[in-house]
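Below is one structure; the comments refer to it alone.
Just so you know, all these numbers are worked out from the coordinates, no wet-lab data involved. Bear in mind the structure is a predicted one, so any value in this text is a computation, not a measurement. Cβ placement follows ideal geometry from the backbone for every residue including glycine, while neighbour counts extend to all protein chains displayed.
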Amino acid sequence: MERSNSNMSTLGGMRPSRRVLTAVAVLAGTVLAGCAENAPQDLFEPAGPNARKIDEGLGGQRFIFIISGIVAAIVIGAVSYIVVKFKDRGQDIPEQTHGNPKLEIALTILPAIILATIAVPTVVKVFELNESDDAACVVNVTGQQWWWEYDYPAQTCGGITIKDPIITSGEMVIPAGVPVQLRITSRDVIHSFWIPALNGKRDAVPGRLHPLRMEADNPGIYVGQCTEFCGLSHARMRQAVVALDAADFQTWVDNQLEPYTSPEAGTLAAEGESQYISQCSRCHQVNGLTDSEGNPVLSNPDENVYSGSAPNLTNLMTRTGFAGFTWDLITEECRNELWNAPSEEFGDMYLAGVWMNTPEGADRPVCFNEVELREWLRNAPGMKPMYANPAQLEKTGGLYRGMPNLGLNEQQIDQLIAYLLVRK
């Protein structure tokens, strides 16, 4: 019986002191993981006015963390003292007391004061963050399973004229130093848009438009991810905001609106264009693409994909990521070089895309991450789970929830990659 009672004093065979050490180690590991150097989603590295409002001052996260830390230290200290001081050593049960009005009143008023100290400036800050009247640019943001679509209406954006609509995905490009109003919604389920360096989270809800002001101080790339569980590949739904100076943003706009030109006849890229029309154009749009008779090739994702939408692949190679910005179009070395580039050099490097660092006259880009793109074309669901099993097709009327395995052979993949590289 004594041995049995001894075992009951531990949890799962672990002594109390070891449990405490384990808990402390886990907590320390969690905190340190969030403080990693050059963390791309670091909460404490604001890069725009909205993010600074969240980070600094009364009601800011640093202020709240300090208050919470003090309270946590007091509570943990008090609990630790009580656990050690009054540990069961076989003594008699102490006398029970009831009712201490002064203590009860104090323990009611003190938490109320602490909560008011946090709540009042926080509410004021929330209203400040919702102000977007000064926006000089508008971007429509739509959450999809499992990627983000960015739609630029025809407008003047920070002094730059966008004469025709631009639709892209994964990376939203904005002019640096210009307040941009995002109009966020969803096509399917609830998602949540979050770029920690530029602003807080904003839910994307079907049938509703939620505005969010976004502004970046300097050119650079700022990454984030969906923070509302939205299905099987929620963890692989990332996004990025790319900020460029005025001249580079103008170049980006011009590149996106450049008229379509077919690859030279008889080339591998021309064969890839035919493959694209037969294999990919059912879901993915390339603006300006025409068939052999000169008719526009228009995608019909609503007939093939359950969500009714698929990423627009016009000028895919001007981006640095694909498939919900989950995988890179540029190699790890080039990505690190780009992400850590000085702001004055960032624009040229980003606009070069996969061709960054490529010697003049070379026909193959140095920075192109061909390995992952080829793997995606071989078996997309193997890289990014999108439907649990083939039986789900019975529930969706034969429509896929995400990109299916197209069963492409290596020659077809060669042709498609050659075509995509020409469309830069």
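When ranked by the protection proxy of mean other Cβ atoms within 10 Å per residue, highest first, what sequence do the peptides 253-266, 58-71 form?
58-71, 253-266
Rounded to the nearest 500, what is the chain's calculated 222 nm mean residue ellipticity when only DSSP H runs of at least 4 contribute -39500 (n - 2.57) each, over all residues?
Estimated from H runs of four or more residues: -11500 deg cm²/dmol.
Note the per residue figure in Å³ for the convex hull of the C-alpha positions in the range 137-256.
So the per-residue Cα hull volume is 86 Å³.
How far is the Cα center of the range 297-357 from the Cα center of the range 227-251, in Å?
10 Å
Count charges around Asn300 for me, please; just the other residues with Cβ under 15 Å from its Cβ, Lys/Arg as +1, Asp/Glu as -1.
-2
Counting pairs of alpha carbon atoms under 8 Å apart in space and at least six apart in sequence, what relative contact order in percent does the chain give?
Reported relative contact order: 14 percent.
Most mobile of Met356, Met317, Met237 per a Gaussian network model of the chain (Cα springs, under 10 Å)?
Of Met356, Met317, Met237, the Gaussian network model singles out Met356 as fluctuating most.
What order, most packed first, do the peptides 409-417, 217-225 have when packing is the mean number of other Cβ atoms within 10 Å of each residue?
Peptide ranking by packing, descending: 217-225, 409-417.
In whole Å, what are the extents of the range 267-309 along the principal axes defined by its C-alpha atoms, from largest to smallest?
35, 19, 14
Find, to one decimal place in angstroms, the Kirkwood hydrodynamic radius of the chain, where the mean of 1/r is taken over every pair of different Cα atoms and then inverted.
25.1 Å is the Kirkwood radius here.
Under the rule a/c < 1.5 gives rounded, and otherwise a/b versus b/c splits prolate from oblate, where does the range 63-200 land using the Cα gyration tensor?
prolate
Can you give me the pair-distance distribution of the range 295-424, C-alpha pairs, 5 Å bins, whole percents?
2, 9, 16, 19, 19, 13, 10, 6, 3, 1, 0
Have a look at the range 68-118 and give its Rg and Dmax from the Cα atoms, expressed in angstrom.
Looking at the range 68-118, its Cα Rg and Dmax stand at 14.8, 44 Å.
Compute the semi-axes of the equivalent ellipsoid of the range 40-129, taking the square root of 5 times each eigenvalue of the Cα gyration tensor, and list them largest first in whole Å.
Listed largest to smallest, the semi-axes of the range 40-129 are 40, 19, 7 Å.
Which of Asn315, Ser262, Pro219 sits closest to the plus end of the dipole of the chain, meaning its Cα is farthest towards the positive end, when Lys and Arg get +1 and Asp and Glu get -1 on the C-beta?
The residue sitting farthest along the positive end of the dipole is Pro219.
Which percent of Cα-Cα pairs in the range 240-326 sits in each 10 Å bin, short to long?
The percentages, shortest bin first, are 15, 40, 33, 12, 0.
Within the chain, which complete DSSP H helices have Cα atoms spanning at least 27 Å along the helix axis and a mean Kyte-Doolittle hydropathy of 0.5 or higher?
Those that clear 27 Å and a mean of 0.5 are 61-85, 101-129.
Considering only DSSP states other than H, G, I, E and B, which GluC sites (Glu not before Pro) in the range 287-375 qualify as loop sites with at most 16 other Cβ atoms within 10 Å?
When the GluC sites (Glu not before Pro) of the range 287-375 are filtered for loop state and at most 16 Cβ neighbours within 10 Å, Glu293, Glu360 remain.
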